[in-house]
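**Q** Okay, handing you the structure first.
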2 protein chains.
Amino acid sequence: MLLPEAYDPIRNAVRLGGVTLEAPEPAGQRPALAAYIDDHIEEHVAHLQRWMRQPSVSAEGLGMKDMAALLRDDLVDLGFADARLVPTDGHPGVVGSHDAGAERTVAVYIMYDVQPVEPADWSVPAFGGELVDHPLGRVLMARGAANQKGPERAFLNAVASLLAVEGSLPVNLLVVAEGEEELGSPHGQAVVDACRECLAAADAVLLPTNGQNAAGEAELILGAKGLLYLELSTAGSPAGGPTRSEIHGSYRAIVDSPVWRLVHALASLLAEDGTTIAVPGYLDAVRPPSAEERRLLGEVLAGWDEATLKTTLGVERWIGGWDRAEALERLLCSPTLNIDGIRAGYAGPGMKTILPHRATAKLDSRLVPDQTPEEAVSLIRRHLDRLGFADVAIEVLAGYPPAQTPVSSLPARAAIDVFTRHGCPPVVLPRVAGSAPYHLFTALGLPAVGAGLGHGAGAHAPDEYMVIWPAAGSGTAGSQSAGGIKGLAGVELAYADLLHALAGA
Amino acid sequence: MLLPEAYDPIRNAVRLGGVTLEAPEPAGQRPALAAYIDDHIEEHVAHLQRWMRQPSVSAEGLGMKDMAALLRDDLVDLGFADARLVPTDGHPGVVGSHDAGAERTVAVYIMYDVQPVEPADWSVPAFGGELVDHPLGRVLMARGAANQKGPERAFLNAVASLLAVEGSLPVNLLVVAEGEEELGSPHGQAVVDACRECLAAADAVLLPTNGQNAAGEAELILGAKGLLYLELSTAGSPAGGPTRSEIHGSYRAIVDSPVWRLVHALASLLAEDGTTIAVPGYLDAVRPPSAEERRLLGEVLAGWDEATLKTTLGVERWIGGWDRAEALERLLCSPTLNIDGIRAGYAGPGMKTILPHRATAKLDSRLVPDQTPEEAVSLIRRHLDRLGFADVAIEVLAGYPPAQTPVSSLPARAAIDVFTRHGCPPVVLPRVAGSAPYHLFTALGLPAVGAGLGHGAGAHAPDEYMVIWPAAGSGTAGSQSAGGIKGLAGVELAYADLLHALAGA
């Protein structure tokens, strides 16, 4: 938790980033809204379940059109009269606006796709939308519960509640949704372009998320690393190696091996320490953390639960035995070059003696300011060419730059204020170690934050869940209870208050 | 073909290895035997089909017990009264002897296992034993047709024919069969040990094989490279990396990667030229070709159809652009270090951003005299340890030494003689580029050769076949016809003559 010693629930203020923010009085018609949400919570849970039961696996093209239509129809039901699909060369986008006649406009980013599932690894059907008892409470266990359909539909529940109780919204809303976040947002720009005029009028962008960890500690996300996703491959060619199919392994005596070639090309990308990127110039664009980032990092570090992260990841030691300060800074401020997978030939049980005719590796590189994916891939290409690996093919599967929003921006200040009032003063992360398409909005000059209460886990893994009714001790079912993990009702109320804060801050 | 200009069918002699061998007169009751085989060829084909229809995939444990029992029963039917299974920790061996009261004893090595199949890649059921029309004639297309159940059962058909026509065999026979050749013969020694006493009395060992290529040219095999099959693997451990499962790829910023580690360890095994083995000392035990080997190599080279091999393999250029002389010598005389397969993480379509918790590579190394698998693996281990890769695990899946029999040995001279008389003077290969367990016999001081006429192809591949009735031009169906690809009848007659030659030479 960020500076817990500085949080004074009585003064209703939190000192953050060296600045003491006085939280405004509660906005909106809070008691009526809370009562409404509590009264309709079963119906709101059913909305989340409905979203979970509609598969939307972008990598496999599973249920994508149906999920896009479902989202559009939900927006229409909420009064987004112009909600529509945005056709792309991939899965469609969905956009829609709700003109409340308000002074301010808030854009909400929604990813409606999810990761693939391995059904055998799940203890419930991954697309069953089941409610399950869990040590943290009663949870919705399904693919997308945490990443991100759960918190996204919770946000729309909050919108529905505001409309029901207050008759209108405190801000104009613009929904920008894509179905390819898990693919690296290859058509995210096309979706943004489809509502560029509306976006020009926006004051802030929200990316709904479950921002609380299992201990109830909240975080606010100001940005993300960029992403470069590459496929490197080698194959037999007229210059050498088997061109048509694998051949008997004994011919290695006179036939070149595409697998060995890929192994050597890959090895050249990283120094022998196994960590330092060895591509010349790759780190040149990395700027050191700014003063504001240093301050935020220090505050994040103070409350960073390194031990829990190690347990969660199943990692006993960081690279090089780094201490927590170094590890945290590397996690948030260093670019990476990771092998996501590699495949060639036979790797099943027992023996098969073959010389494979091709080999493939998938790599992702997380980029930090001021790196760009275009420059990064060009440096890798140049490096391989220089070493004589011109035959190693590089396919760029995804690429977008890092992006970041100042802590002094409207949505950051509003979220800190509201979450603090809800008993969850957030840790402010200048960026996350992962990637998300914040750049689609920051490139337009819009401040964008990943914000929301509630807890979920299991993104990209089996038994993904979002806590709906927290168990006693990890939070309570009521929307008004302070501290601990917020249940769905608390999550929704915080979103409603956040929209009021964005209107009035 | 070996020195075709030196082959004089009239003089019935062939100059080989610098020595002119005078072929003895036809032995055995040749005309009656040929007539018997021709009369019973349908029945003999049916025996091969019966063997094909009994799957025996050692890697998958498919049909192994049934095939072992089938082989044993066939031996009993042939008068091998003591034929029996030899239990091992893996698939059983099968041994049996036939005491003809003869002066000489010949051991026959049989592998009764076959490679796995990918049914979708076959144009007929792989275990259907179907006869199919093929440009080369009517062929038996099935897994094992060429490697090795086809020629092996053809040999037993010859034995049955000798017994039927002549009432006895010219030599005592000892069958030594294993079901794990495709697994690297891990229990081959145990099977040999089960009949060590009988083997001590043997004069020669035959490994039945289809020794003719598609052009009808024959080869005689005097040995094979040794085999070392390794699995190298890395995994997260208390020293670093994810220990439990894959984690999100963004954590690469602070978490060690078992995949990168394996890539670097592998890269260290081979010089940057992608060919030279960089493990210190690995080549020290390699002895240069002997004078006899040099002479044989020269003779092989004279008739080596390099272009056809390139076409068959789908390879347009040997390593380094080597010319045919260098390529042939490397193929037969150089050790190899080959990656058969590598696997880690996700390598399917699209993106998945993970840091895999383990990685595996399979490697085979072909060993030449005087390398040993024990020394080879120990050198690799020492090399990795020295470079700090002590955490890279090495599992030895198979290992046996190279082995070779002199061209002056009894079975080599007999085979050259007989095949020459059958119109197929053989190229004599000092060894093949691949591996086979000749060492099981040569270690006992026994001369062992891979010998047989006939043509088959597709070992370890789809649509494996053995020619049963050659098309006109590639040979004829009759057992007496000279030259071209021998059909099953010709193959069997050559085996019968070979046993006579072994008795009388």
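The values are calculated or read from the model by the stated rules, or taken from the named source; none is laboratory data. Everything numeric in this text was worked out from a predicted model, so none of it was measured. Every residue, glycine among them, receives a Cβ derived from its backbone with ideal geometry; neighbour counts consider all protein chains shown. For the accessible areas, the whole protein counts, side chains as well, though only heavy atoms, and no ligand, DNA or RNA atoms are used. Shrake-Rupley method; radii C 1.70, N 1.55, O 1.52, S 1.80 Å.
**Q** If the cut-off is 26 Å between C-alpha atoms, which lysines fall inside it for B:K310, apart from same-chain ones fewer than 8 positions away?
**A** A:K352, B:K225, B:K362, B:K486
**Q** Pull up the DSSP beta bridges for the protein assembly as shown and report the antiparallel fraction as a percent, rounded to 5.
**A** Given both bridge residues lie in the protein assembly as shown, the antiparallel proportion sits at roughly 75 percent.
**Q** Continuing with this model, one more query. Projected onto the charge dipole of chain B (+1 at Lys/Arg Cβ, -1 at Asp/Glu Cβ, origin at the Cα centre), which of B:G61, B:M141, B:M466 gives the Cα projection farthest towards the positive end?
**A** B:G61
**Q** What do you get for Rg/Rh over the stretch A:365-425 if you use C-alpha atoms and the Kirkwood form of Rh?
**A** Looking at the stretch A:365-425, the ratio lands at 1.33.
**Q** Counting every Cα pair in the stretch A:291-375, what percent are over 14 Å apart?
**A** Tail of P(r) above 14 Å: 76 percent of Cα pairs.
**Q** Considering the alpha-carbon set of the stretch B:317-436 alone, what are its Rg and its Dmax in angstrom?
**A** Reported Rg and Dmax, both Å: 20.7, 65.
**Q** Then there is this: Per residue of A:235-243, what is the mean number of Cβ atoms on other protein chains within 10 angstrom of that residue's Cβ?
**A** Mean shielding by partner chains, rounded to a whole number: 4.
**Q** Provide an ascending nm list, one decimal, of label-point separations from A:A164 to the equivalent residue in each further copy; define each label point as 7 Å from Cα along Cα→Cβ.
**A** When each copy's label point is compared with this one, the spacings are 9.0 nm.
**Q** Let me ask you something else. Suppose R0 equals 45 Å. What FRET efficiency, 1/(1 + (r/R0)^6) with r the Cβ-Cβ distance, do B:L444 and B:T311 give to the nearest 0.05?
**A** 0.70
**Q** Sticking with this one: So if I place +1 on the C-beta of Lys and Arg and -1 on the C-beta of Asp and Glu, and nothing else carries charge, what would the dipole magnitude of the protein assembly as shown be about its Cα centre? I want it in debye, nearest 20.
**A** Charge dipole of the protein assembly as shown: 1060 debye, to the nearest 20.
**Q** Which log10 I(q)/I(0) values does the stretch B:275-341 give at q = 0.11, 0.13, 0.24 Å⁻¹ under the Debye formula, counting every alpha carbon as one identical point scatterer?
**A** Cα-only, vacuum Debye calculation for the stretch B:275-341: -0.33, -0.46, -1.20.
**Q** Would you mind listing the distances between the B:V76 label point and the same position in each other copy? Use 7 Å along Cα-to-C-beta, nm, one decimal, shortest first.
**A** Relative to the other copies, B:V76 has label-point distances of 7.7 nm.
**Q** Can you tell me the accessible area per residue over the stretch B:379-452, all protein chains present, probe 1.4 angstrom, in square angstrom?
**A** In whole numbers, the stretch B:379-452 has 29 Å² accessible per residue.
**Q** Counting just the Cα atoms, what span does the stretch B:405-477 cover along each of its three principal axes? Round to the nearest Å and put the largest first.
**A** 42, 32, 16
**Q** Okay, next question. Relative to the longest principal Cα axis of chain A, at what angle does helix A:41-53 sit, 0 to 90 degrees, rounded to 10?
**A** 20
**Q** Going toward the positive end of the dipole of the protein assembly as shown, with +1 on Lys and Arg Cβ and -1 on Asp and Glu Cβ, which of A:V396, A:A361, B:L337 do you reach last?
**A** Towards the positive end, the residue furthest out is B:L337.
**Q** With both bridge residues required to lie in chain B, what share of the DSSP beta bridges run antiparallel, to the nearest 5%?
**A** DSSP beta bridges in chain B are roughly 75 percent antiparallel.
**Q** Please compute one quarter of the surface area of the Cα convex hull for the stretch A:199-353 and express it in square nanometres.
**A** With every direction weighted equally, the projected area is 16.0 nm².
**Q** May I ask you to report, in nm to one decimal and beginning with the shortest, the distances from B:L387 to the same position in the other copies, taking label points 7 Å along Cα-to-Cβ?
**A** 1.2
**Q** OK, next. P(r) for the protein assembly as shown, please, calculated from all Cα pair distances in 20 Å bins and given in %.
**A** 13, 35, 24, 19, 9, 1
**Q** Would you check the accessible area of A:Y251, probe 1.4 Å, heavy atoms only, in square angstrom rounded to 10?
**A** 50
**Q** Taking 0.36 nm per residue of sequence separation and subtracting the Cα-Cα distance, how much length would be gained by fully extending the chain between B:A35 and B:A81, in nm to one decimal?
**A** Gain on extension, B:A35 to B:A81, equals 13.8 nm.
**Q** Here is a follow-up. Along each principal axis of its Cα atoms, how long is chain A end to end? Whole angstroms, biggest number first, please.
**A** 80, 46, 46
**Q** Among A:V279, A:S257, A:L230, whose Cα sits farthest toward the positive end of the charge dipole of the stretch A:229-299 (+1 at Cβ of Lys/Arg, -1 at Cβ of Asp/Glu, about the Cα centre)?
**A** A:S257
**Q** Under the Kirkwood approximation applied to all pairs of distinct alpha-carbon atoms, what is the hydrodynamic radius of the stretch B:29-106 in Å?
**A** Value: 14.7 Å, from the Cα pair sum.
**Q** Compute, for B:M351, the solvent-accessible surface of its heavy atoms (probe 1.4 Å) with the complete set of protein chains present, and express it in square angstrom to the nearest 10.
**A** Result for B:M351: roughly 20 Å² accessible.
**Q** Rounded, prolate or oblate: which one fits the stretch B:46-147, using the alpha carbon gyration tensor with axes a ≥ b ≥ c (rounded when a/c is under 1.5, else prolate when a/b beats b/c, else oblate)?
**A** oblate
**Q** How high is the FRET efficiency from A:K65 to A:A200, r the C-beta distance, R0 30 Å, rounded to 0.05?
**A** Between A:K65 and A:A200 the formula returns 0.55.
**Q** Something else now. If the convex hull of the alpha-carbon atoms of the stretch A:194-238 is projected onto planes in all directions, what is the mean projected area in square nanometres?
**A** If you wrap the Cα atoms of the stretch A:194-238 in a convex hull and average its projections, you get 8.0 nm².
**Q** Kindly report, to the nearest 10 Å², the accessible surface of B:I254 as traced by a 1.4 Å probe over protein heavy atoms only.
**A** Ignoring ligands and nucleic acids, B:I254 comes out at about 0 Å².
**Q** Nearest 500 deg cm²/dmol is fine: what mean residue ellipticity at 222 nm does the protein assembly as shown get from its DSSP H runs of n ≥ 4 alone, each adding -39,500 (n - 2.57), divided by its residue count?
**A** Result for the protein assembly as shown, helices only: -9500 deg cm²/dmol.
**Q** Would you tell me which residue of chain A has the beta carbon closest to the rotation axis bringing chain A onto chain B, and how many whole Å away it is?
**A** Taking the axis that maps A onto B, the answer comes out as A:A267, 2.
**Q** Can you report the principal axis dimensions of the stretch B:127-234 using only the alpha carbons, biggest first, rounded to whole angstrom?
**A** 49, 41, 28
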